[in-house]
Amino acid sequence: MAEALIILPTYNEIESLEMILGRIRQSVPQADVLVVDDSSPDGTGRLADQLAATDPGLSVLHRAEKDGLGRAYLAGFAHALDNGYLYVIEMDADGSHDPSVLPAMLSLAAGDADLVIGSRWVSGGSVRNWPWIRQVISRAGNVYCRIVLRSNIHDITAGFRVYRADALRWLDLSAVSSQGYCFQVELAWRLERAGKIVVEHPIVFIERAAGRSKMHAGIVLEALLRVTLWGIFGLRSAMTK
Ligand SMILES: Nc1nc2c(ncn2[C@@H]2O[C@H](COP(=O)(O)OP(=O)(O)OP(=O)(O)O)[C@@H](O)[C@H]2O)c(=O)[nH]1
Ligand SMILES: [Mg+2]
């Protein structure tokens, strides 16, 4: 069995799915892939089923309705932990995350890292074709998190990650309530606070070429509110661990 499971959450990514799966197969042919689709109206889930029929390393989890990135990942994590994978990878399905860096990220996780973050905001990292407003939101959000949460992570909202499965097992995933980007912040911060090893590996993030962003003001507001509250009151589950 494969050691690593790549979780690809999808909502209306029919134009990108085959391309990203092809690139994954080129870069990390040994990894299994799980598409977690929230009944995409554009038929992404059906396409994923068709592709899975001829690819034993690909499986598909269908969820009834669009329920947020965080919950899609939690469902994928449960599958990864139930099936004994050693490494669990988070990655967008829209082509923004280039799987060719995964071998380097996996070898960091095979060393002593509990979480490896593909980071835009460390030396060597960058973003391509992103509108200035997205860059400002991402940079400002990360600076805010560093200050309010007293974190040393430069790209705590990033969605390209390798977790060591044991680190996820250690987290109390049933206590995670965040839905948008904040989900990424919550998991990384809980591990960092607990003294787990969080490493950042530089990546070039490329704006999606097809399909539409699911980012909206509510996701930014959720993050702002939760991070501020965590900064003031602490995250109870992080403190009790
Ligand atoms: N299953 C599931 N996937 C989702 C949901 N929301 C977003 N996604 C997927 O999560 C990944 C990231 O979402 P994006 O819309 O690309 O968000 P983003 O990368 O912050 O925004 P852009 O940079 O504008 O693309 C993509 O693969 C989406 O299809 C959801 O509610 N459920
Ligand atoms: Mg995207």
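The values are calculated or read from the model by the stated rules, or taken from the named source; none is laboratory data. It should be emphasised that the depicted structure is a prediction, and the values quoted were computed from it without experimental measurement. Here the Cβ is made from the backbone with ideal geometry for all residues, glycine too, and neighbour counts use every protein chain on show. Surface areas here come from the heavy atoms of the whole protein model, side chains and all, with no ligands, DNA or RNA. Shrake-Rupley method; radii C 1.70, N 1.55, O 1.52, S 1.80 Å.
Helix 44-53 axis versus longest C-alpha principal axis of the chain: approximately 60°, rounded to the nearest ten. Extension gain for residue 79-residue 217 works out to 46.6 nm (0.36 nm per residue, less the C-alpha to C-alpha distance).
Which peptide among 28-34, 151-157 comes first, and what is the full order, when sorted by highest mean count of other Cβ atoms within 10 Å?
Numbers: 28-34: 18.7, 151-157: 21.4.
Packing order, densest peptide first, comes out as 151-157, 28-34.
Backbone phi angles across the range 178-195, fed through the Karplus curve with coefficients 6.51, -1.76 and 1.60 (θ = phi - 60°), yield HN-Hα couplings of 5, 10, x, 4, 4, 4, 5, 4, 4, 5, 5, 5, 4, 5, 4, 4, 7, x Hz in residue order; Gly and Pro are listed as x. Divide the volume of the convex hull around the Cα atoms of the range 1-60 by the residue count and you get 66 Å³ per residue.
The length gained on full extension between residue 206 and residue 26, counted as 0.36 nm times the residue separation minus their Cα-Cα distance, comes to 63.0 nm. Among 150, 208, 161, the largest mean-square fluctuation in a Gaussian network model of the chain, built with springs joining Cα atoms closer than 10 Å, belongs to 150.
Is the chain best put as rounded, prolate or oblate by its Cα gyration tensor, with a ≥ b ≥ c the root eigenvalues, rounded for a/c under 1.5, and otherwise prolate when a/b is larger than b/c, oblate when not? Please list the in-between numbers first.
Working: a/c = 1.44, a/b = 1.29, b/c = 1.12.
Rounded, because the longest to shortest axis ratio a/c is under 1.5.
Ordering of 65-71, 228-234, 184-190 by packing is 184-190, 65-71, 228-234, highest average first (other Cβ atoms within 10 Å, averaged per residue). Residues 62, 201, ordered by accessible area of protein heavy atoms at a 1.4 angstrom probe radius and largest first, appear as 62, 201. Working from Cα pairs under 8 Å separated by at least six residues, relative contact order for the chain is 24 percent.
You can think of it this way: the chain between residue 147 and residue 135 has 2.5 nm of extra reach, that is 0.36 nm per residue less the Cα-Cα gap.
Amide H contacts under 5 Å for residue 8: 34, 35, 36, restricted to partners 5 or more places along the chain or on a different chain, H placed in the peptide plane at 1.01 Å from N. Taking amide H atoms as placed 1.01 Å from N in the peptide plane, the amide H of residue 13 lies under 5 Å from those of 44, each 5 or more residues away in sequence or on another chain.
Annotation: the antiparallel percentage among DSSP beta bridges lying fully within the range 4-240 is about 25.
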